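What follows is one structure encoded as structure tokens, with my remarks underneath.
The values are calculated or read from the model by the stated rules, or taken from the named source; none is laboratory data. The model shown is predicted, which means the values in this text are computed figures rather than measured ones. We place every Cβ from the backbone using ideal geometry, glycine too, and count neighbours over all the protein chains shown.
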Amino acid sequence: MVAALILIADGTEEMEFTISYDTLVRGEVECTSAFVGPTDDAPTSVVATCSRGVKIVADVAFDPAACAQNDFDLLVIPGGLKGAETLSKNSSVQLLIREYLNSDKYVGMICAGTLAALTSGLPKQPITSHPSVKSQLDKDFEYKEESVVVSGHLITSRGPGTAFPFALTLVELLCGSEKRKAVSGPMVFPEGVHW
């Protein structure tokens, strides 16, 4: 079965985390959420207080050894500025991102979560992010204003409003275009929205 690891921290943007998780599950991707604490030490809790105060209980505490790319096909880094800073500054998360990409596994980053591309030392390539962090990224990457940017195995997106096309793109890359259609249809997006 195809599997995804979705990271979460205090300050993570609720919509970006939840829409990614939910949409991937609808695509029959086995999802595991891992709570990353404010330091590189193993967290003692798995409850994240998100950017708008919603509390989400992660499946597991983040353990780099248990999150290896052998067990997952996709790593997702959501945004929310405070949460994105925690994730992007964590040396184990940075290593994991490089390992996934070096193993031809997918890495999805959305909103300020794209800061992890910079802190992980990824090579110059097309990306996007929330406009608030564009100035931190546009010198080191080929910055795009598109809702979702696919660069090899790195997928980036802009913010809460692009969470659905981001998540559906992840479903398509992992499971194919027919699965994307099967997932998006029952979601009943407004007429004229073609995600």
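Tell me, yes or no, whether region 17-32 has at least one residue that is in a strand (DSSP E or B), in contact (Cβ under 8 Å) with a residue 12 or more places away in the chain and surrounded by 15 or more Cβ atoms within 10 Å (Cβ to Cβ).
Checked against the condition, which is being in a strand (DSSP E or B), in contact (Cβ under 8 Å) with a residue 12 or more places away in the chain and surrounded by 15 or more Cβ atoms within 10 Å (Cβ to Cβ), region 17-32 yields at least one hit.
Screening ILE155 on (1) surrounded by fewer than 21 Cβ atoms within 10 Å (Cβ to Cβ); (2) part of a strand (DSSP E or B) shows it passes everything except condition (1). When you check GLU99 against the structure, is it surrounded by fewer than 24 Cβ atoms within 10 Å (Cβ to Cβ), in a helix (DSSP H, G or I) and more than 14 Å from the chain's Cα centre (by Cα), yes or no? Judged against the criteria, GLU99 is a match. Taking residues in region 139-161 that are farther than 11 Å from ALA117 by Cβ, and partners anywhere that are at pLDDT below 95 and not polar (S, T, N, Q), not one pair has Cβ atoms closer than 6 Å while being at least 6 places apart or on different chains. Of the residues making up region 92-101, none is over 20 Å from ALA163 (Cβ atoms), charged (D, E, K, R) and touching a residue at least 60 places away in the same chain (Cβ under 8 Å).
Yes or no: ALA48 modelled with pLDDT of 95 or more, out of contact with any helix residue (DSSP H, G or I) (no Cβ under 7 Å at 6 or more places or on another chain) and surrounded by 20 or more Cβ atoms within 10 Å (Cβ to Cβ)? Taking the combined requirement at face value, the residue satisfies it.
Rundown of residues vs (1) more than 22 Å from SER103 (Cβ to Cβ); (2) basic (Lys, Arg); (3) under 14 Å from the mean Cα position of the chain (by Cα), yes/no style:
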residue: GLY27; (1), (2), (3): no, no, no
residue: ALA34; (1), (2), (3): no, no, yes
residue: THR39; (1), (2), (3): yes, no, no
residue: VAL47; (1), (2), (3): yes, no, no
residue: ARG52; (1), (2), (3): yes, yes, no
residue: ALA58; (1), (2), (3): yes, no, no
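Between PRO43, PRO38, PRO78, the distinction of being touching a Gly at 6+ places or on another chain (Cβ under 6 Å) and at pLDDT below 95 belongs to PRO43 only.
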